[in-house]
1. Going highest first, how would you order 126-137, 51-62 by mean Cβ packing within 10 Å?
2. Normalising by the residue count of region 44-190, find the relative contact order in percent from Cα pairs under 8 Å and 6+ residues apart.
3. Counting other beta carbons within 10 Å of each residue's own, what order do 98, 118 fall into, fewest first?
4. Order these by the 10 Å Cβ neighbour count, fewest first: 75, 185, 107.
5. So if each residue of separation counts as 0.36 nm, and I subtract the Cα-Cα distance between residue 61 and residue 102, what length gain in nm does that give?
6. Quick one: if the Förster radius is 35 Å, what FRET efficiency do residue 69 and residue 45 give, using the C-beta to C-beta distance and rounding to 0.05?
7. Using the Cα gyration tensor of region 44-190, with a ≥ b ≥ c the square roots of its eigenvalues, what is the shape: rounded (a/c below 1.5), prolate (a/b larger than b/c) or oblate (neither)?
8. Mind checking the full-extension length gain between residue 135 and residue 54? Use 0.36 nm per residue of separation minus the Cα-Cα distance, one decimal, nm.
């Protein structure tokens, strides 16, 4: 890969990170404003393990974080949840190189219905690659069969491979994240606070 292609890839990754951080910052500003206005009352509760697994099973999309030389890297991924693993597809690139070097990773998946109505699950785990070898053929076919149940499961890995270099057949990489720890939280509207606001509003009318 030439220097131009490498610089383009880095620029795209930096821009993606900047866009994500800007969106997070804007969401925090909106939440703080709503809180000061009394409109952001919510209850935060821990999710049970079975609830976390149900969310992962239903969503199949999240953000993968890895690290190398004390530098973090986060990218969106599609996955298929099965038992204690998240199965994924990618092509050769920065995240695969980093995870081969440091297999300790985490994945975050969330479902947002409103500023006071959302769920978030975090997976702490271990990267395990499924090599393209004869003895792993059935394992790779099994992972592919799981991923194919979701549309566009291949898109993120394939698209990046075409941006990263001159268009050519990508080298598929199948891997899984072995789940070592699973936590989740849920935010729900605080009905008691909403009732109190309605009472205060009616009394002032």
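1. Working: 126-137: 12.7, 51-62: 17.5.
By packing density, highest mean first, the sequence is 51-62, 126-137.
2. After rounding, I find 35 percent.
3. Taking fewest neighbouring Cβ atoms as first place, the list is 118, 98.
4. Going from least to most buried by this count: 185, 75, 107.
5. On the way: separation 41, 0.36 × 41 = 14.76 nm, distance 2.22 nm.
My answer for the length gained is 12.5 nm.
6. With a Förster radius of 35 Å, E is 0.40.
7. Prolate, since a/c reaches 1.5 and a/b exceeds b/c.
8. Net length gain for the segment: 26.0 nm.
Every read-out reported here was derived from the displayed coordinates using simple, explicitly stated rules and does not represent laboratory data. Note that the structure is predicted; figures quoted are calculated from it, not measured. As a convention, Cβ positions derive from the backbone with ideal geometry for all residues, glycine included, and neighbour counts pool all protein chains shown.
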